[in-house]
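Working notes, beginning with the structure itself.
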Amino acid sequence: MTGGDGGQTMRAAVLRRHGEPPEVGPHPSPARRPGEALIQITAAPVNPLDLLCATGTSYFGAPALPYVPGTQGVGIVAEADDIPAGQRVWFSSSAGMRPGDGSMAQLCAVPTSAILPLRDDVSDDLAAALGLSAIAAWMALTWRGGLQPGEHVIVLGASGNVGQVAVQAARLHGAGRVVAACRDAHGRARAVELGADATADLSGDDTDAIVTGLAQATGGRADLVLDPLWGRPAEAAVRVLSPRGRLVNLGSSAGAEASFGSAAVRSGMLSVLGYTNNMLTDEQKATALNEILAHAAAGRLTADRETLPLDRAAEAWSRCGQAPHRRPVLIP
């Protein structure tokens with residue numbers, strides 16, 4: 001591996017065909033431009049967003065091939081205009097959403113505005129596993145969802161990385177009751193360990209049964225739903241929302257379409273809100289992640305994860321989003 005002149009190569013996980021796992025091999029080293037930092041990668045998580053972008057069917061459009069995926073990472077600054085070499089950082093990347101390479105490599109060049117210096121008391125793999133998923137859960141609950149102390153929260157998809165963080169974040173922000181809903185029993189048990197008051201099963205094709213389970217778990221009150229699933233779970237959750245309740249959607253892993261009647265939305269004065277990290281400023285991301293990592297350093301917030309070497313990138317790719325929902329983190 002050599003740094004930054006664009007004429008050398010490094011090892012990287014390279015996506016060569018849309019919808020297929022990346023292949024590990026030599027790839028041109030990035031050339032740092034003014035306003036960018038060249039980062040030696042120490043931890044690169046594999047996120048559902050990376051898989052979505054790689055399909056070529058996301059609303060970002062099909063990324064040009066070949067490219068190195070990886071929308072975030074942790075590493076050490078090798079070169080930069082105004083950041084000292086050796087600084088340990090977290091960063092976000094637009095790989096898969098805009099032209100350019102991401103973090104699943106030995107080196108990555110990113111704008112300095114997308115970099116956050118890291119505290120020493122959070123490990124590389126934990127910071128990487130939290131990252132954008134934790135920011136999404138945190139900001140969807142607070143900035144977009146307007147969570148108030150004492151409110152009752154339903155977290156759909158609670159077994160996933162976003163859902164795990166959302167359960168903990170809702171508790172940290174003073175939720176009066178947190179209900180964790182997902183399909184697998186392991187995920188529900190883990191959610192209770194992370195602070196959920198009750199759980200609900202989202203499996204099956206009977207929407208009425210899901211509604212009944214959610215209603216029983218909430219105890220008759222649901223002010224805010226965090227929804228990374230859409231589809232049938234969102235349809236059921238809308239039916240148990242209390243008057244003036246809000247559903248914040250930040251994904252569609254259970255289905256691209258959801259159907260609910262106008263009467264339910266109007267009669268309850270309900271709000272259905274969309275959320276994406278892409279609407280956050282770099283300052284908002286940095287502020288949120290600083291708060292998240294402070295809680296992580298104090299042992300109040302975590303993310304289930306596993307580390308794998310870069311050469312096992314295809315394996316990590318296949319594990320992303322699968323039970324037991326440990327975020328794969330590549331260690332180049």
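The values are calculated or read from the model by the stated rules, or taken from the named source; none is laboratory data. Predicted, not measured: the structure shown is a model, and the values here were computed from it. FYI the Cβ positions are ideal-geometry reconstructions off the backbone, even for glycines, and counts take in every protein chain you see. For the accessible areas, the whole protein counts, side chains as well, though only heavy atoms, and no ligand, DNA or RNA atoms are used. Shrake-Rupley method; radii C 1.70, N 1.55, O 1.52, S 1.80 Å.
Please work out if A78 is at pLDDT below 95, over 28 Å from Q322 (Cβ atoms) and open to solvent by 20 Å² or more (accessible area, probe 1.4 Å). No: the conditions fail for A78.
Which ranges mark the helices (runs of 4 or more DSSP H) fully within the range 237-332 that have 3 or more residues being more than 30 Å from G213 (Cβ to Cβ) and touching a Lys or Arg at 6+ places or on another chain (Cβ under 9 Å)? Write out each step before concluding.
On the way: elements: 262-267, 282-297, 313-319.
Helices (runs of 4 or more DSSP H) meeting the threshold: 282-297.
On inspection, S58 does not qualify as assigned to a loop (DSSP other than H, G, I, E, B), open to solvent by less than 20 Å² (accessible area, probe 1.4 Å) and modelled with pLDDT of 95 or more. Looking only at residues in the range 1-19 that are assigned to a loop (DSSP other than H, G, I, E, B) and modelled with pLDDT of 95 or more, which one is nearest to I135 (Cα to Cα)? Taking the candidates together, the pick is H18. Residues that are under 15 Å from the mean Cα position of the chain (by Cα) number at least 2 in the following strands (runs of 3 or more DSSP E) confined to the range 74-158: 88-92, 152-156. Could you tell me whether L214 is open to solvent by less than 30 Å² (accessible area, probe 1.4 Å), in contact (Cβ under 8 Å) with a residue 40 or more places away in the chain and outside any loop (DSSP other than H, G, I, E, B)? Yes: the conditions hold for L214.
Evaluate the following for G195: is it within 28 Å of I135 (Cβ to Cβ), out of contact with any Asp or Glu (no Cβ under 8 Å at 6 or more places or on another chain) and open to solvent by less than 10 Å² (accessible area, probe 1.4 Å)? Judged against the criteria, G195 is not a match.
Being in contact with a strand residue (DSSP E or B) (Cβ under 7 Å, 6 or more places away or on another chain), crowded, with 20+ Cβ neighbours inside 10 Å, closer than 26 Å to V46 by Cα and among the aliphatic types (A, V, I, L, M): is that true of V179 here?
On the way: in contact with a strand residue (DSSP E or B) (Cβ under 7 Å, 6 or more places away or on another chain): yes; crowded, with 20+ Cβ neighbours inside 10 Å: yes; closer than 26 Å to V46 by Cα: no; among the aliphatic types (A, V, I, L, M): yes.
Considered against the rule, which asks whether it is in contact with a strand residue (DSSP E or B) (Cβ under 7 Å, 6 or more places away or on another chain), crowded, with 20+ Cβ neighbours inside 10 Å, closer than 26 Å to V46 by Cα and among the aliphatic types (A, V, I, L, M), V179 comes out as no.
Confirm whether L224 is open to solvent by less than 10 Å² (accessible area, probe 1.4 Å), under 26 Å from the mean Cα position of the chain (by Cα) and of a type outside the set (G, A, S). Yes: the conditions hold for L224.
Filtering A189, A264, A222 for residues that are closer than 29 Å to R326 by Cα and touching a residue at least 12 places away in the same chain (Cβ under 8 Å) leaves a single hit, A222.
For residues in the range 268-286 being small (G, A, S) and open to solvent by less than 40 Å² (accessible area, probe 1.4 Å), which is nearest to L224 (Cα to Cα)?
Initially, the range 268-286 is screened for residues small (G, A, S), giving 268, 271, 274, 286.
Adding the requirement that they be open to solvent by less than 40 Å² (accessible area, probe 1.4 Å) leaves 268, 286.
Numbers: G268: 13, A286: 25 Å.
Per the criteria, the residue is G268.
Looking only at the range 287-303, count every residue that is open to solvent by 30 Å² or more (accessible area, probe 1.4 Å) and in contact (Cβ under 8 Å) with a residue 40 or more places away in the chain and tell me the total. Walk me through it before giving the result.
Of all residues in the range 287-303, those open to solvent by 30 Å² or more (accessible area, probe 1.4 Å) come to 287, 290-291, 294-295, 297-300, 302.
Within this subset, residues satisfying the condition of being in contact (Cβ under 8 Å) with a residue 40 or more places away in the chain are 290-291, 294-295, 297, 300, 302.
Number satisfying all stated conditions: 7.
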